[in-house]
Structures are given as structure tokens and as C-alpha cells.
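Written out below as C-alpha cells is the structure these notes cover.
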Amino acid sequence: MPLAAVIALLAAAALLGCDRNLEPFDASEEPREPDLSKIFPEGAERAAQVGPGLPVPPGQAPGRGAPPLAAEGGRGGGDPISGTVRLADGLPAVPDGAVLFIIARRGEVGPPLAVKRIAAPSFPLDFTLGPEDRMIQALPFEGPLRISARLDADGNATTRAPGDLQGAVPDTVEPGATGIPVLIDEVL
């Protein structure tokens, strides 16, 4: 089949297959509101004018399926966790400008619930990690929590460079726990 015939056939198929009902441009045509009756069911415009539905229950964040808001006083439902971060023997020296991140997570992986950032730490270091350190203030500070610490050479929490140091508490802890030992014993 010649190339011109193939092109003509494709053009005819494209024109016959298009059902968008596009009309030629008319410069004198006045703009008008679109007809939304094909998109929205009858009565939808009245429902939008009624206003919001039921009020948000006390202690519930606005929005569908949102988690409860922080407990009274902004504490977020739990007492702080406290402990001491230590460096294991034989680790490289802490570089100047390093930042210590103490992290609480609700599970093995996933985003942190709370993070404390400590610039230029000296060890051993006593810490307190609590509701005021939450990443999302609407989430309650509740356990069980996994506690870890990372000593980051460049101070950027999103990077993990060779030589950064980390450690974790082997068991989960509950808010209000004290004397939690965090041993930094791993070199990335």
C-alpha cells in the first residue's frame, strides 16, 4: 500500500473516531458558565450551599479519618522518655559539626513520631524526648516506641553517609520510661 494511502486512511480514521463535537472558533461568542448537569447529579448545587455537616467531635481532628488531636495541654497523650546516649568503645572520633538525632518510631520502619536534634553533642549525653518533639503535632505520643540515635556528620537528617554512626534500644519502650540506655555502636 502506498504511503499516501496509509496517511489518508489514518487521517480518515482519526476524523471519524473523534466524537468531541468541537465547533469552529467564533470570535464573537460570549463566554458563559459551563453546563455541569452532565457531571453533577440533580440537587448537588443545593447540597453545596447547605454548609458543613455535623460538627467535629471533641478531640477529633477536622477531616475524614483524621487521627485524634493531641491530648489536653498539647502534651499529645504521653510523658517524655528520658535516658542516656553513649558511644561504644573503638568508634571513630566524632567529627566537628556532627549532629545527633534521637528518634522515636511506632514500628520497625516508617516515619518518625518524634525527633530531637542536638548539635555538637558530647558523650555521654542525657536526653529527654517527648510530645513537644513530635514531627506531626496531631499524632499522640503513645507507645510502644522504638528508640534509636544517629550521629550524622553533615547534620542533614535526610542523608546517610559512610562514617555516620547509629545505635538503637533493642526493646520497645513506653512513654514515661526513664533511664533508657542508647548505645551508638554501628558505623554506616
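The values are calculated or read from the model by the stated rules, or taken from the named source; none is laboratory data. Only a predicted model underlies this, so the values are computations on that prediction, with no experimental measurement involved. Please note: Cβ atoms are built from the backbone with ideal geometry, for glycine as well, and neighbour counts cover all protein chains shown.
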Filter result (over 12 Å from PRO124 (Cβ atoms) and not β-branched (Val, Ile, Thr)) within the stretch 81-101: SER82, ASP89, GLY90, LEU91, PRO92, ALA93, PRO95, ASP96, GLY97, ALA98, PHE101
Only one of ALA149, ALA177 that is aliphatic (A, V, I, L, M), in a loop (DSSP other than H, G, I, E, B) and either surrounded by 12 or more Cβ atoms within 10 Å (Cβ to Cβ) or at pLDDT 95 or above (or both): ALA177
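Residue check: is ILE103 modelled with pLDDT of 90 or more, under 20 Å from GLU186 (Cβ atoms) and in contact with a Pro (Cβ under 7 Å, 6 or more places away or on another chain)? Lay out the reasoning, then the answer.
Numbers: modelled with pLDDT of 90 or more: yes; under 20 Å from GLU186 (Cβ atoms): yes; in contact with a Pro (Cβ under 7 Å, 6 or more places away or on another chain): yes.
So ILE103 passes the test.
Is at least one residue of the stretch 57-72 at pLDDT below 90 and within 18 Å of THR172 (Cα to Cα)?
no
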Those residues of the stretch 120-144 which are in a strand (DSSP E or B) and crowded, with 19+ Cβ neighbours inside 10 Å, in sequence order: PHE127, LEU129, ARG134
Residue in the stretch 112-119 that is more than 19 Å from the chain's Cα centre (by Cα) and surrounded by fewer than 17 Cβ atoms within 10 Å (Cβ to Cβ) present: yes
Conditions (1) in a loop (DSSP other than H, G, I, E, B); (2) closer than 21 Å to ASP185 by Cβ; (3) within 18 Å of the chain's Cα centre (by Cα); (4) in contact (Cβ under 8 Å) with a residue 40 or more places away in the chain: number failed by GLU108: (4)
